[in-house]
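Asker: Okay, here's the structure, questions in a sec.
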Amino acid sequence: MASSSDERYVWPWTGIVANIFGKPKHEPVECDSMYWLRKFEQYKPEEAYVLHCAEDPTGYVVLEFGTEWTGFTQMMKLDTDFLVDHHGKKDYYESRKMGYSSGLFGWCAQAEDYNSEGLVGNFLRQKAELKTTSMVAQESLNEKTETLDHLYGEIGSVNKKISEMESKYIEDYMSLDKMMKEIEKKRDLLHQTRAEGL
């Protein structure tokens with residue numbers, strides 16, 4: 001059995017809600033993505049996509065939770081809440097085998113969904129990719145390392161400019177100091193010449 005860090009999830013983190021048109025007559029508002037974003041706002045999804053077709057008229061909502069770890073947490077919370085109510089992925093497929101499914105079913109999207117034939121699988125392959133949590137963590141670490149390297153480079157560049165400005169300041173100061181000494185010398189000579197002329 002694969003460890004949880006080896007499980008492949010759809011990324012950006014994604015949840016699937018099935019059977020959205022499971023009742024005999026559905027409301028037109030149920031075809032609206034905003035309706036589903038509001039309905040599941042407690043999980044803080046970023047996007048909602050309504051999927052349905054003649055071959056699968058019960059319909060699905062694909063909820064996207066973004067790429068951050070907070071999105072992963074919210075996706076897993078949705079998965080757990082549906083599982084506890086016996087409306088998870090396994091429950092959905094068992095109820096379909098019996099020919100009757102009532103209410104909404106939800107779960108986090110994983111490799112099985114991504115690689116599935118049909119509406120959901122096709123959509124997920126176009127919009128997302130599969131990643132393990134360890135892959136996402138490593139990519140996040142790499143991005144942070146790149147950012148730090150970039151910042152260190154910027155700091156080095158700024159420090160070099162400051163050093164060049166300090167050198168220029170010292171050079172200008174020394175030049176000005178030399179010029180002031182020469183002016184003082186000429187002034188003293190001028191005073192001396194005037195004094196001797198009196």
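The values are calculated or read from the model by the stated rules, or taken from the named source; none is laboratory data. Quantities reported herein were computed from a predicted structural model and do not represent experimental measurements. Because the Cβ atoms are built from the backbone with ideal geometry, glycine has one as well, and the counts that use them run over all protein chains shown. SASA here: full protein model, heavy atoms, side chains in, ligands and nucleic acids out. Shrake-Rupley method; radii C 1.70, N 1.55, O 1.52, S 1.80 Å.
Asker: Looking at residue 158, is it touching a residue at least 24 places away in the same chain (Cβ under 8 Å) and either in contact with a strand residue (DSSP E or B) (Cβ under 8 Å, 6 or more places away or on another chain) or over 30 Å from residue 72 (Cα atoms) (or both)?
Answerer: No, not satisfied.
Asker: Something else now. Determine, yes or no, whether residue 60 is within 19 Å of residue 118 (Cα to Cα), among the aromatic types (Phe, Trp, Tyr) and open to solvent by less than 30 Å² (accessible area, probe 1.4 Å).
Answerer: Details: within 19 Å of residue 118 (Cα to Cα): yes; among the aromatic types (Phe, Trp, Tyr): yes; open to solvent by less than 30 Å² (accessible area, probe 1.4 Å): yes.
Against the criterion (within 19 Å of residue 118 (Cα to Cα), among the aromatic types (Phe, Trp, Tyr) and open to solvent by less than 30 Å² (accessible area, probe 1.4 Å)), residue 60 qualifies.
Asker: State whether the residues of the range 105-120 include one that is assigned to a helix (DSSP H, G or I), under 17 Å from residue 7 (Cα atoms), of a type in the set (A, V, I, L, M) and at pLDDT 90 or above.
Answerer: Kept after step one, since they are assigned to a helix (DSSP H, G or I), are these residues of the range 105-120: 111-114, 119-120.
Adding the requirement that they be under 17 Å from residue 7 (Cα atoms) leaves 111-114.
This time we only want the ones that are of a type in the set (A, V, I, L, M), so: 111.
Pick out the ones that are also at pLDDT 90 or above and you get 111.
Checked the range 105-120: at least one residue is assigned to a helix (DSSP H, G or I), under 17 Å from residue 7 (Cα atoms), of a type in the set (A, V, I, L, M) and at pLDDT 90 or above.
Asker: For the range 51-67, enumerate the residues that are small (Gly, Ala, Ser) and at pLDDT 85 or above.
Answerer: So in the range 51-67, the residues small (Gly, Ala, Ser) come out as 54, 59, 66.
Hits for the range 51-67 are 59, 66.
Asker: Does any residue of the range 80-96 turn out to be touching a Gly at 6+ places or on another chain (Cβ under 8 Å), hydrophobic (A, V, I, L, M, F, W, C) and either within 17 Å of residue 58 (Cβ to Cβ) or touching a residue at least 60 places away in the same chain (Cβ under 8 Å) (or both)?
Answerer: Checked the range 80-96: at least one residue is touching a Gly at 6+ places or on another chain (Cβ under 8 Å), hydrophobic (A, V, I, L, M, F, W, C) and either within 17 Å of residue 58 (Cβ to Cβ) or touching a residue at least 60 places away in the same chain (Cβ under 8 Å) (or both).
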